[in-house]
């Protein structure tokens, strides 16, 4: 389908593939999220919005690492780019990649100083991501909110007493910001950009059902 033979060469074929990815994310996730935020009710649509936002975090994290899910993954027998448990992939992304790393910590929530305005990536994963996707609810002190005033600026997480607040619309804006920055990274010319394209290509092959081909494509070699 595509002719991108080397992740080091930023060719026209690469531009086509990157545009295809961007269009897919916007059409299938970003645009529906904006529609849901703009037209949905304030009483219940927040759960759907944040559930999809959590899904996008996982998708972005997997593309950044070139990681492919395998529910039968065995470390001894399967390639290292496969995974079964996404917790480490998810929390590492939140704590190391902008703009999310400005608000997430590797610590548990009880270990974080209140004045630091940071939030536990692990507890966000277990209590928000897993809570919504597996149980249809946020757990413990996490709540989903609309922020009064502007919904484009400020932090996407906040605290109100013991409550940990997710500002659904600002969170979406940060996801949009990340997508824009990631697209620019994929088009860059440095060594780090090449590695990102390598991982990106492996995920795109997998997404469109292409079988691994180590002889032809560099990103399947490990």
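Quick notes on this structure:
- Matching residues, the range 181-192, being surrounded by 18 or more Cβ atoms within 10 Å (Cβ to Cβ) and within 20 Å of residue 221 (Cα to Cα): 186
- Within the set 89, 56, 133, 157, the sole residue that is closer than 20 Å to residue 30 by Cα, surrounded by 15 or more Cβ atoms within 10 Å (Cβ to Cβ) and in contact with a helix residue (DSSP H, G or I) (Cβ under 7 Å, 6 or more places away or on another chain) turns out to be 56.
- Pair list, Cβ < 7 Å and 6+ apart or interchain, from the range 119-141 residues that are at positive phi to residues that are assigned to a helix (DSSP H, G or I) and modelled with pLDDT of 95 or more: 140/127
- Some residue of the range 47-68 being within 28 Å of residue 143 (Cα to Cα), touching a strand residue (DSSP E or B) at 6+ places or on another chain (Cβ under 6 Å), touching a residue at least 40 places away in the same chain (Cβ under 8 Å) and outside any loop (DSSP other than H, G, I, E, B): yes
- In the range 200-216, residue surrounded by the most Cβ atoms within 10 Å (Cβ to Cβ) [restricted to those that are over 20 Å from residue 22 (Cα atoms) and in contact with a helix residue (DSSP H, G or I) (Cβ under 7 Å, 6 or more places away or on another chain)]: 212
- Of the set (1) assigned to a helix (DSSP H, G or I); (2) touching a strand residue (DSSP E or B) at 6+ places or on another chain (Cβ under 8 Å), all apply to residue 88 but (2).
- Of everything in the range 211-222 that is in a loop (DSSP other than H, G, I, E, B) and under 18 Å from residue 11 (Cβ atoms), the residue that is modelled with the highest pLDDT is 217.
- Of the candidates 133, 157, 196, the single residue that is out of contact with any strand residue (DSSP E or B) (no Cβ under 9 Å at 6 or more places or on another chain) and closer than 21 Å to residue 51 by Cα is 133.
- The set of residues in the range 103-123 being part of a helix (DSSP H, G or I) and surrounded by 13 or more Cβ atoms within 10 Å (Cβ to Cβ) consists of 109, 121, 122, 123.
- Those residues of the range 59-74 which are surrounded by 10 or more Cβ atoms within 10 Å (Cβ to Cβ) and over 19 Å from the mean Cα position of the chain (by Cα), in sequence order: 73
- Test: residue in the range 68-83 that is in contact with a helix residue (DSSP H, G or I) (Cβ under 8 Å, 6 or more places away or on another chain) and over 23 Å from residue 185 (Cβ atoms): no
- Test result for residue 131, part of a helix (DSSP H, G or I) and over 14 Å from the mean Cα position of the chain (by Cα): yes
- Which numbered condition residue 197 misses (of (1) surrounded by 21 or more Cβ atoms within 10 Å (Cβ to Cβ); (2) over 15 Å from the mean Cα position of the chain (by Cα); (3) assigned to a helix (DSSP H, G or I); (4) at pLDDT 95 or above): (4)
The values are calculated or read from the model by the stated rules, or taken from the named source; none is laboratory data. Being a predicted model, the structure only gives us computed values, none of them experimental. In this analysis, Cβ positions are derived from the backbone assuming ideal geometry, glycine residues included, and neighbour counts consider all displayed protein chains.
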